[in-house]
Amino acid sequence: VRSAISVATPTLTSRFKHTARWRQFLDLRDACAQICKMRQQNNNLSVTFDRTEYYDFFSTKKTTLPDIIFLENAGGSQVPRCVTQAVSNALNARWREVHGAMIKAKARALVSEFVSEATFIFFAANATAIFRQLSSMLKSDIIVCCCEESHNANNRETWGNKALLVSLVDNEQWPWAHVYAIPHASNVTGEVYNLVHLVRQIRNVNPHAFIVCDGVAMAPHRRPSSHLVDAYVVAFHKAFGPHLAACCCPRPLAQEIFSCANNYDEKSLTRIWEPGSISTEALAGVIALLD
């Protein structure tokens, strides 16, 4: 990181030196350099232990820790050894008829614990796939309201160009809609929103609204809770797990909103909400997050 910054700094400084964001970046660069210096002087045992759990941060071939800083990005977090080992074990023993259903049930139980009060859960490859699945199941006359601050996966690109669009900046009056697609934390603005306040505003407009919340950017930092909304979406590859997402609901999805059978046994769940096969290996990695 330091070598990349040293090469890029002169060019970028000449172009962005007057912006507040660039000044913040330079401050961050100096802070990172200071942390590296402090680490060399005072080796912190807890930090050393944590780093050994991640392949990219620790090498058994070296007597000292590698001089690496990982700057988190939207692609996902680093994955601890316990998760990669669980995925590898599932690949080495691919007995789906024996282990598949059991692993899926355990994964649902883990997600129910991770996202408190979730009773109806379905998986997909990522959050985008979940929002598209929800959108595709809407009845034709359903009105949707999206937020400008939402990720592309949870705005008009998914819910349709006819969806209403609002901004969370100084917004005190929501338009009436059947479905509201909102973010808990935005990777567009960097803001964390007061979910209780947003839900209260929406319920004042439509007490029976279906509220779907994008918690992908929130879950790595705070324990998510689905009880405030009707659907809460998390992505485990953003929170130290495999590439898999889950839609977590405190109750079955409303039949008035979605054009699907109101039957949530395992076979119907798989056929309607989890078309195709969910990766057993990824599910095994989700279970390992308990470690």
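Please treat every number below as a calculation from the coordinates, not as lab data. It should be emphasised that the depicted structure is a prediction, and the values quoted were computed from it without experimental measurement. Cβ coordinates were reconstructed from backbone atoms using ideal geometry, including for glycine residues, and neighbour counts include every protein chain displayed.
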³J(HN,Hα) computed for each position of region 173-189 - Karplus, 6.51 cos²θ - 1.76 cosθ + 1.60, integer Hz, glycine/proline x: 10, 8, x, 6, 7, 7, 10, 10, 9, 10, x, 7, 9, 10, 8, 8, 9
Estimated inter-spin distance, Ser259 and Asn92, nm [label 7 Å along Cα→Cβ]: 4.8
Rh_Kirkwood(region 103-220) over Cα pairs, Å, one decimal, evaluates to 15.1
At a Förster radius of 35 Å, what calculated FRET efficiency corresponds to the Cβ-Cβ distance of Leu28 and Lys139, to the nearest 0.05? 0.15
Roughly what percent of Cα-Cα pairs across region 158-209 reach past 15 Å? 49
If I take all pairs of Cα atoms in region 140-291, what percentage of them are more than 24 Å from each other? 36
